[in-house]
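The values are calculated or read from the model by the stated rules, or taken from the named source; none is laboratory data. Predicted, not measured: the structure shown is a model, and the values here were computed from it. Positions of Cβ are generated from backbone atoms using ideal geometry, with glycine treated the same way; all protein chains shown enter the neighbour counts.
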Amino acid sequence: MIQFSAAQTKIAFEVSFSEPQAHYTDVKMHISGIAADYLDIKMPVWAPGSYLVREFAKNVEQVKAYDKNNRPVSYNKINKNTWRVHTAGQEVWLNYRVYCFEISVRTSFVDNSHAFISPTGIFMYVDGQINQPAIITVSPARNWTKISTGLEAVKGSSNTYYTPDFDILYDSPIEVGNQDIFEFNAAGVKHEVAMYGGGNYDKERLKVDMAKIVEEETRVFGENPNKRYVFIVHNYADGGGGLEHLNSTVLGASRNEYANPSGYINFLRLVAHEYFHLWNVKRLRPEALGPFDYDHENYTTNLWISEGFTAYYDKLFVARSGMQSPGNYLNALVKDINTYENQPGNKYQSVSESSFDAWIKQYRPNENSRNNSISYYTKGALIGMLLDLEIIHASNGKRSLDDVMKAAYNEFYKKKNKGFTDAAFKNLLEIAAGKNLDAFYAAYINGTEAIKYNQYLAYAGYKLVNNADSGTPYLGVSTSVKDGKLMVTGIVRNSGAWANGINVNDELIAIDGERVNTDKDLDKMISAKKVDDTISILISRDNRVQTIVAELKENPTVQYRIVPMEQITSQQAAVRKKWIGE
């Protein structure tokens, strides 16, 4: 615990919940010791780890400022997220309320049962004073008895926490309520798991399995930088997602999926993913991702490393921990291959562009996203696989991508405490692979060339086989039934639907004069045709009926499997052993 002198306090927050049923968080911000005529006090516009401007200030209301004698202090709002408070060099209290009713791992939520505080949407900062320490006191609502957070408690003060600066405050979510808390120790670190929302989880099993993941991941880097770590888990009927923090994480889960074998494995992968981030991105990070600018987008072309490599490793660590067979791991891996290869956008957006454009594309998909973009998670994971196999093969099993991650962590975080550049990270990859990677980067990272999976899988004695039926006719639409109507929800680039002008939001009425009512009706009618057949489609668009003639093309969808080669060399066997332990 921190022992903190009140005389040092510059900024302090009091957080309470006078109307949890109405989803409000009440905040009192006390600022002293800053000599200035006025202070610009700002709410962040985004949450690190979630690359979208979310405009958290939209939820702020009832702002009031007072001096030490409780007299009103004048202020005015000067832009969307900044309040200018005219302090005349004196201490000031800024009181405000925040509406919290968005369920996600990156936004605050309050109701009668609990409060989840996502700090970037709750705590304002004084412009230019991000490096100031702060004290946070939390007053739980009636009948709430527990607080879970990665913040360090202040000795001798109930429900009071200390942060050395606002970067750490913004990296420390807070769960308040009656969450189910259990603990385990792994890698010399005390771990707290705070479960909200109930569920059919087995605490003893989770302790064992989560500890295995912690140990495996720590082994890669050679150390665990934390003394304490907190998992905040929100269990809902249909939950998902996660957000990494410096010494904690917030996970979304489906409360009744823990007893389902596939659901349980998916949860462990989420644990592995977010925990790996405590090294990869929270400490080992691209140059642009820290110190943060909380007022604007922070651009990087390297999310394929920060998120993509993490997505590669999350499945791998579950397998390494003995909770999934090598065969099941390969089945999970090939899903990423199929997802990427069935995305027409893979020919139009590189993974470095996908990283840079995360702010406008990854979190803002529309009906055409699959046609013009990709996910840096998915392709980044595939690049991680390719590089891992390349390094293992080139070094005869002596090195792997693990060695690159450890070297990068030591070089950029421990030694220099700064972010890496694209060139510097590439240099470490080249050292491990023993070769120049200019062509690899040009093809797969800054370019959109078709990935030569079999070249890399062959290093480990595997190959990719396409099980999709050939010669299958295909219109190129996705549909769903809405209010009894079969509506078009997506069009695939270069399909017959694309070429002949079928639109999203068209209602499909009939094919060649025969009524279509459901997705199954449409599939049945198309499957009865042949490639290159033309069909007459009766549609309704904006309440006007028209006929569109479209040509059916061959379905380009792939359905790959990773299968072992019939005969492999001792070198391939060694690579396979190093890669997945088989």
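Per the listing 213, 135, 232, the residue uniquely under 30 Å from residue 35 (Cα atoms) and not in a loop (DSSP other than H, G, I, E, B) is 135. Looking at segment 148-185, which of the residues that are buried (at least 21 other Cβ atoms within 10 Å of the Cβ) and among the aliphatic types (A, V, I, L, M) is nearest to residue 107 (Cα to Cα)? Only one residue fits best here, namely 174. The single condition among (1) without any contact (Cβ under 8 Å) to a residue 24 or more places away in the chain; (2) part of a helix (DSSP H, G or I); (3) charged (D, E, K, R); (4) within 20 Å of residue 245 (Cα to Cα) that residue 223 does not meet is (2). Inside segment 335-361, residues that are in contact (Cβ under 8 Å) with a residue 60 or more places away in the chain, farther than 30 Å from residue 295 by Cα and of a type in the set (Val, Ile, Thr) make up a count of 1. Taken together, the residues in segment 227-239 that are under 30 Å from residue 414 (Cα atoms) and surrounded by fewer than 17 Cβ atoms within 10 Å (Cβ to Cβ) amount to 2.
Does residue 22 fit the bill of being over 27 Å from residue 290 (Cβ atoms), free of Cβ contacts under 8 Å to residues at least 60 places away in the same chain and within 32 Å of the chain's Cα centre (by Cα)?
yes
Scanning segment 142-178 for residues that are assigned to a strand (DSSP E or B) and among the charged types (D, E, K, R) yields 146, 152, 175. Restricting the first member to segment 475-488 and to residues that are under 23 Å from residue 342 (Cβ atoms) and modelled with pLDDT of 95 or more, and the second to residues that are among the basic types (Lys, Arg) and assigned to a strand (DSSP E or B), the beta-carbon pairs closer than 9 Å and six or more apart or on different chains are 475/553; 476/553. Every test in (1) surrounded by fewer than 21 Cβ atoms within 10 Å (Cβ to Cβ); (2) without any contact (Cβ under 8 Å) to a residue 60 or more places away in the chain; (3) not in a strand (DSSP E or B) is passed by residue 113 save one, and that test is (2). Just one of the numbered conditions (1) of a type outside the set (Asp, Glu); (2) touching a residue at least 40 places away in the same chain (Cβ under 8 Å); (3) closer than 17 Å to residue 375 by Cβ; (4) part of a loop (DSSP other than H, G, I, E, B) is not true of residue 322: (3). Screening residue 431 with (1) without any contact (Cβ under 8 Å) to a residue 40 or more places away in the chain; (2) within 22 Å of residue 303 (Cβ to Cβ); (3) not polar (S, T, N, Q) gives one miss only, at (2).
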